[in-house]
1. Sort out which residues of region 52-107 are part of a strand (DSSP E or B), open to solvent by less than 30 Å² (accessible area, probe 1.4 Å) and either under 13 Å from Gly130 (Cα atoms) or hydroxyl-bearing (Ser, Thr, Tyr) (or both), and write them in order of number.
2. Considering only residues that are more than 19 Å from Asp57 (Cα to Cα) and open to solvent by less than 40 Å² (accessible area, probe 1.4 Å), which ones fall in region 111-132?
3. Taking only region 79-110 into account, find how many residues are more than 24 Å from Val45 (Cα to Cα) and not β-branched (Val, Ile, Thr).
4. Can you list residue pairs whose Cβ atoms sit under 7 Å apart, with the first residue in region 25-52 being under 30 Å from Gly73 (Cβ atoms) and the second being at pLDDT below 50 and not in a loop (DSSP other than H, G, I, E, B)? Count only pairs 6 or more apart in sequence or on different chains.
5. Within region 26-46, does at least one residue satisfy the condition of being under 27 Å from Leu128 (Cα atoms), part of a loop (DSSP other than H, G, I, E, B) and at pLDDT below 85?
6. With in contact with a helix residue (DSSP H, G or I) (Cβ under 8 Å, 6 or more places away or on another chain) and aliphatic (A, V, I, L, M) as the only criterion, which of Ala123, Ala119, Ala90, Ala134 stands out?
Amino acid sequence: IAGRGGRCNHINRPFHRKIAGHRGPCHNRPAMMPNPALIATSHAVTHVGCRRERNEDRWLARDDLGLWAVADGMGGLLAGDAAAQAVVAALGGLPTGLGHDAMVQAITAVMAATSAAIAEGAAAAGGLSGTTLAAFLWCEG
């Protein structure tokens, strides 16, 4: 949220909402939300942490769709990083121009197909794989 003197006071926060007209130094790209009164931008940072050798976090920011997601591969299972990447890639391929109901249906269909593909690939390798998913869809109306 806008700070004093036109400077942004949320540079170190991983996610934030931008108020229309705020042009602090952390905002270096235009937002693509349809309503100019409601503009959103996003930032994401991930870290492998202290216990793992691989970072299994993946994130998606589709400002043009109003869709943001974070997937975290399930540690201890096969290829959690690949599962998380598959989910983010599938969501990233969604088309623009869908209404709310059509977008929810598209997300549901894409996630069902991706989940089945992850399970099939893991079974073929003789194990289990998976990822968590947290997603936010912002639709007007």
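1. Passing the criteria: Ala71, Gly73.
2. Scanning region 111-132 gives a single hit, Gly127.
3. 11
4. Pairs that qualify, where the first residue is under 30 Å from Gly73 (Cβ atoms) and the partner is at pLDDT below 50 and not in a loop (DSSP other than H, G, I, E, B), are Cys26/Cys8; Ala31/Lys18; Ala40/Lys18; Thr41/Lys18.
5. Filtering region 26-46 for residues under 27 Å from Leu128 (Cα atoms) gives 46.
Now restrict to residues that are part of a loop (DSSP other than H, G, I, E, B): 46.
Okay, now just the ones that are also at pLDDT below 85, so 46.
The answer is yes, given that some residue of region 26-46 is under 27 Å from Leu128 (Cα atoms), part of a loop (DSSP other than H, G, I, E, B) and at pLDDT below 85.
6. It is Ala90.
The values are calculated or read from the model by the stated rules, or taken from the named source; none is laboratory data. Quantities reported herein were computed from a predicted structural model and do not represent experimental measurements. All Cβ positions, even for glycine, are placed from backbone atoms using ideal geometry, and neighbour counts span all protein chains on display. Ligands, DNA and RNA are stripped out before the accessible areas are found, and what is left, the full protein with its side chains, is counted by its heavy atoms. Shrake-Rupley method; radii C 1.70, N 1.55, O 1.52, S 1.80 Å.
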